[in-house]
Amino acid sequence: MAESTTVSESVRIEREGDVALVIVDNPPVNALSWHVRQGLFDGIARATDEGATAIVVICDGRTFIAGADISEFGGGAPQAVGLQEVQAAMEDAPVPVIAAIHGTALGGGLEVALCAHYRVAVASAKFGLPEVNLGLLPGAGGTQRLPRLVGVPKALEMMTTGRHISSAEALDGGLIDEVVDGDAAALRSAAVALAGRAVAEGLPLLRVRDRDEKVAEARGDDQLFADFRKSIARRTRGFLAPEYNIQCIEAAANLPFDEGLKVEGKLFMELMTGPQSAAQRYYFFAERAANKIPDIAKDTPLIDVQKVGVLGAGTMGGGIAMNFANVGIPVTIVERDQEALDRGLGVVRKNYERSRSTTPEQVQERMGLITGSTDKADFADCDMVIEAVFEDMDLKRSIFRELDGICKPGALLASNTSALDINEIAAVTSRPESVIGMHFFSPANVMKLLENVRGEKSSDSVVATTMAIGKKIGKVCVMVGVCPGFVGNRMLFMRGAEAERMLLEGATPAQIDSVLYEFGFPMGPFSMMDLAGLDIGWKEEESSSSTIREILCENGRRGQKNGRGYYTYDPASRAATPDREVEQLIQDFAVGKGHEQREVSDQEILERLLYPMVNEGAKILEEKIAIRGSDIDVVWVNGYGWPVYRGGPMHWADSVGLAEIVDKIEGYRESLGGAHWELSPLLEQLAESGGQLQTHTS
Ligand code: T1G
Ligand code: NAD
């Protein structure tokens with residue numbers, strides 16, 4: 001065991017001959033906490049003072065430095081040397097400095113590695129500047145150094161997506177100098193060998209800041225930047241950070257390094273002190289907190305899910321099955337008859353064939369993992385069965401009675417119901433402890449959110465398993481309790497109720513939708529209804545012109561699927577156009593019902609759509625349906641398109657001010673009435689006490 005010298009609580013030095021290894025050990029992800037920065041700075045100084053002929057910067061644990069310590073951004077950390085000083089100490093060191101990388105070199109971690117003279121990495125390592133996902137930009141020279149190594153087009157793509165690239169891609173792109181197969185030990189010896197070679201062969205101390213050839217290719221090329229801006233406009237609508245990242249790369253191309261660094265520093269601080277990054281940094285930790293169920297021990301035994309069953313191959317069943325096949329878990333999907341089965345499997349194959357990220361070999365491999373059947377007995381050896389048949393309680397109860405008789409002891413039985421009572425479903429089985437809700441969102445193979453619905457008898461093992469398997473299939477999981485509509489749909493119902501009401505008062509579908517679109521949602525409630533289909537649950541023979549949706553259906557409007565809904569859709573481009581005939585139908589219906597028509601302002605529309613959601617969110621916390629306020633935000637960001645740069649409905653409400661919202665809710669209760677305007681006592685109490693919804697735990 002090499003002799004080691006402690007430099008700070010998370011950094012030590014070890015020597016291999018004349019090579020000094022400055023080793024970071026700051027679990028869980030070696031973030032650049034103050035003591036890491038101080039340790040790196042002091043370690044490099046000490047190594048050179050003690051005559052090291054080369055220095056290797058390397059990390060213990062599962063990863064290289066995964067960035068600045070985001071938890072320090074709020075302030076309060078002890079004063080320590082800044083990252084720029086650490087980087088200057090590396091870049092200007094009198095001896096070769098090698099960065100040895102495993103796991104993920106991200107954000108400030110990659111920016112540290114870019115200040116080494118050479119970089120070596122294991123084949124499994126990943127590299128990225130994902131600050132844009134925190135509403136930020138790389139604030140430690142990354143915007144100036146990355147394009148100098150990989151070129152402007154790649155830097156633009158990496159910094160506006162936050163994508164993690166592989167070692168192979170990094171080597172190919174000039175970001176690193178060497179890739180070594182093997183583990184941490186292999187990495188250490190390869191780095192020491194490279195250090196030795198650098199000394200022996202007198203290799204130059206290459207400072208990335210001095211490289212110009214790659215950025216020169218884009219110097220003065222405004223078209224390149226204009227085209228890139230155009231190519232990401234749709235994807236980054238409403239976000240500030242992507243544009244700020246582009247401006248920094250423009251500076252890298254057109255200005256001397258230190259001038260570019262000034263531009264980076266100025267734009268970084270603008271983002272860091274702004275509401276968008278505050279929301280996105282809050283959201284980073286909110287998503288990680290959602291994984292934790294306070295009363296479920298970390299070592300709760302999990303059900304070993306080696307084989308999954310899905311009942312129903314309709315809109316949801318097919319997508320649910322794909323999630324498991326995508327991670328190599330065989331799935332048996334059962335339909336009520338061959339025709340429905342063939343239709344369902346046909347949709348699955350088409351979705352795979354249409355997906356750009358799935359190769360033909362993968363299509364075959366994944367379809368090979370999905371077995372179709374019309375016999376529920378084929379679920380007998382499944383470890384987990386997810387039911388996704390029609391939303392009908394009697395049907396679901398009879399299904400679970402059957403599954404109880406078919407499935408092996410210990411199998412997890414889940415329902416994908418959107419709103420029905422999981423306890424009532426569980427009660428028909430002899431094993432309610434094995435029953436839980438797993439509420440996927442459409443399209444189930446795309447949407448990230450999985451709302452796991454804990455029944456009053458669901459066992460700890462079943463609860464823990466749904467969270468673990470959800471993460472394994474790439475979902476963001478939130479555990480919620482049983483109530484009609486759970487968390488997401490329950491709040492959505494409140495928004496929908498006010499949207500319908502405002503139509504009757506004179507607002508148009510287009511006006512209401514544009515308010516939410518401008519707020520940052522991908523679409524408003526009426527475009528969403530057209531997408532889902534206006535005729536879900538509508539029966540012509542029972543229709544009685546009693547709601548706007550019935551009248552539209554009675555007038556042959558089904559939504560996007562027949563090109564006519566609240567909007568008219570261009571058959572080729574699918575572009576939506578407001579439809580005067582619809583507005584007239586609504587007005588006639590409203591006047592017929594005695595509703596006075598008036599101008600409704602955009603601000604009123606926003607308040608009447610979002611404040612009932614906030615109020616309902618508070619009620620959900622009061623009833624302990626959600627564990628914490630931030631879970632509600634995770635549900636809305638991942639399941640309903642709430643713009644992440646506004647944090648989610650709870651974070652947003654706190655930023656608006658709960659007292660202001662309470663005032664408005666009381667006003668609307670007076671003027672409009674309705675259960676959804678009954679003020680939540682928790683909301684009132686937090687408004688009075690200056691508390692917050694986002695940090696409230698129930
Ligand atoms: N700071 C503080 N804590 C962090 C952290 C960070 N950068 N990254 C992760 N954690 C915590 C996380 O909260 C969790 O804690 C635990 O580590 C495991 O994380 C100047 C300004 C590295 C790919 O954006 O993408 O550098 O919940 O559950 O799924 O330019 O974490 O266990 O208590 O996510 O294996 C840029 C952020 C920062 C990378 C690992 N860096 N991290 O994923 O584990 S800004 C990032 C990740 C910056 C500079 C700028 C992922 C990961 P807990 P995890 P994972
Ligand atoms: P769907 O009508 O598209 O599909 C239901 C499928 O179940 C049909 O193919 C039908 O043939 C099959 N089926 C019915 N009875 C069956 C039986 N006894 N045995 C085997 N198969 C049977 O419905 P969907 O939209 O996929 O919804 C399924 C469930 O998922 C519902 O509970 C719904 O509330 C829920 N859900 C739907 C969405 C959505 O956006 N569509 C989102 C989340 C949850």
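The values are calculated or read from the model by the stated rules, or taken from the named source; none is laboratory data. The structure displayed is predicted, hence computed values, not measured ones. Using ideal geometry, Cβ is built from the backbone for each residue, glycine included, and neighbour counts are taken over all protein chains shown. Side chains are part of the model used for accessible areas, which takes the heavy atoms of the whole protein and leaves out ligands, DNA and RNA. Shrake-Rupley method; radii C 1.70, N 1.55, O 1.52, S 1.80 Å.
Using the Cβ-Cβ distance between R288 and E3 with R0 set to 41 Å, the FRET efficiency from 1/(1 + (r/R0)^6) comes to roughly 0.65. With R₀ fixed at 25 Å, the C-beta to C-beta distance from E505 to E666 puts the FRET efficiency at about 0.80.
Simple rule: put +1 on each Lys or Arg Cβ and -1 on each Asp or Glu Cβ in region 106-236, find the dipole, and look at L205, S167, G109; the Cα lying farthest toward the positive end is G109. Ordered by 1.4 Å accessible area with all protein chains kept, T332, T547 run largest first as T547, T332. Karplus-based coupling profile of region 604-611, in residue order and whole Hz: 5, 4, 4, 5, 6, 8, 9, 5, with θ = phi - 60° in 6.51 cos²θ - 1.76 cosθ + 1.60 and x standing for Gly or Pro. Q223 sits among other residues whose Cβ lies under 11 Å from its own Cβ, and their net charge, with Lys and Arg +1 and Asp and Glu -1, is -1. Seen against the Cα atoms of the chain and their longest principal axis, helix 222-232 is set at about 40 degrees. Model label points for L395 and R343, set 7 angstrom from Cα along the Cα-to-Cβ axis, are 1.2 nm apart.
At full extension, E622 and Q584 could sit 9.5 nm farther apart than now, given 0.36 nm per residue minus the alpha carbon distance. Excluding ligands, DNA and RNA, the accessible surface per residue across region 400-510 is 31 Å² with a 1.4 Å probe. Here the dipole of the chain is about 900 debye; that uses its Cα centre as origin and unit charges on the Cβ of Lys and Arg (positive) and Asp and Glu (negative).
Compared with the dominant principal axis of the Cα atoms in the chain, helix 338-354 is inclined by about 30°. Under 5 Å between amide hydrogens, built in the peptide plane, is the criterion, and for T371 it picks out V331, T332, I333 among residues at least 5 positions away or on other chains.
At q = 0.16, 0.17, 0.26, 0.28 Å⁻¹ the log10 of I(q)/I(0) for region 643-682 amounts to -0.46, -0.51, -0.88, -0.92, computed by Debye summation with a single uniform scatterer per C-alpha, solvent ignored. Within region 191-236, the proportion of C-alpha pairs whose separation exceeds 17 Å stands at 62%. Residues in region 398-418, backbone N under 16 Å from the label point at F493 (7 Å along the Cα-to-beta-carbon vector): list them, ranges by number please. Residues passing the 16 Å test: 417-418. Neighbours of R209 by Cβ distance under 14 Å: Lys/Arg scored +1, Asp/Glu scored -1, total -3.
Neighbours of P27, meaning other residues whose beta-carbon lies under 13 angstrom from its beta-carbon, give a summed charge of -3 when Lys and Arg score +1 and Asp and Glu score -1.
Length gained on full extension, D570 to R235, computed as 0.36 nm times the residue gap minus the Cα-Cα distance: 118.4 nm. Partners of K214 within straight-line reach, counting lysines whose Cα lies under 19 Å from its Cα and excluding those fewer than 8 residues away in the same chain: K154.
Taking amide hydrogens as placed 1.01 Å from N in the peptide plane, the amide H of G82 sits under 5 Å from that of no residue at least 5 positions away in sequence or on another chain. Between E50 and E157, the distance separating the two model label sites (each 7 Å from Cα on the Cα→Cβ line) works out to 4.4 nm. The antiparallel fraction among DSSP beta bridges confined to the chain stands at about 35%. Note on surface exposure: F268, F41, F493 rank F493, F41, F268 by accessible area, highest first, 1.4 Å probe.
Region 651-669 and region 318-366 have their alpha-carbon centroids 45 Å apart. Using θ = phi - 60° in the Karplus curve 6.51 cos²θ - 1.76 cosθ + 1.60, the 3J(HN,Hα) couplings for region 569-577 round to 10, 5, x, 7, 8, 6, 5, 9, 10 Hz; x is entered for Gly and Pro.
Mean projection of the Cα convex hull over all viewing directions, computed for the chain: 33.8 nm².
For region 371-483, what number of Lys pairs, 8 or more residues apart or on separate chains, have alpha-carbon atoms under 23 Å from each other? Taking region 371-483 as the scope, the lysine pair count is 10. Each residue of region 113-126 was assigned a 3J(HN,Hα) from its phi angle through the Karplus expression (A = 6.51, B = -1.76, C = 1.60, θ = phi - 60°), giving 4, 6, 9, 7, 7, 9, 10, 10, 9, 6, 4, 8, 5, 10 Hz with x at Gly and Pro. Here's how it looks for E387: its modeled amide H is under 5 Å from those of L311, A414, S415, N416, which are all 5 or more places away or on a different chain. Using the alpha-carbon positions of region 479-551, Rg (one decimal) and Dmax (whole number) come out as 13.9, 40 Å.
Share of carbon and sulfur in the accessible area of the chain stands at 53%, probe radius 1.4 Å.
Could you state the angle between the C-alpha long axis of helix 152-161 and the longest principal axis of the C-alpha atoms of the chain, as a value from 0 to 90 degrees rounded to the nearest 10? Orientation of helix 152-161: about 50 degrees from the principal axis.
Excluding same-chain neighbours fewer than eight residues apart, the aspartates and glutamates reachable from K230 by a Cα-Cα span under 18 Å are E157, D221, D222, E243, E250.
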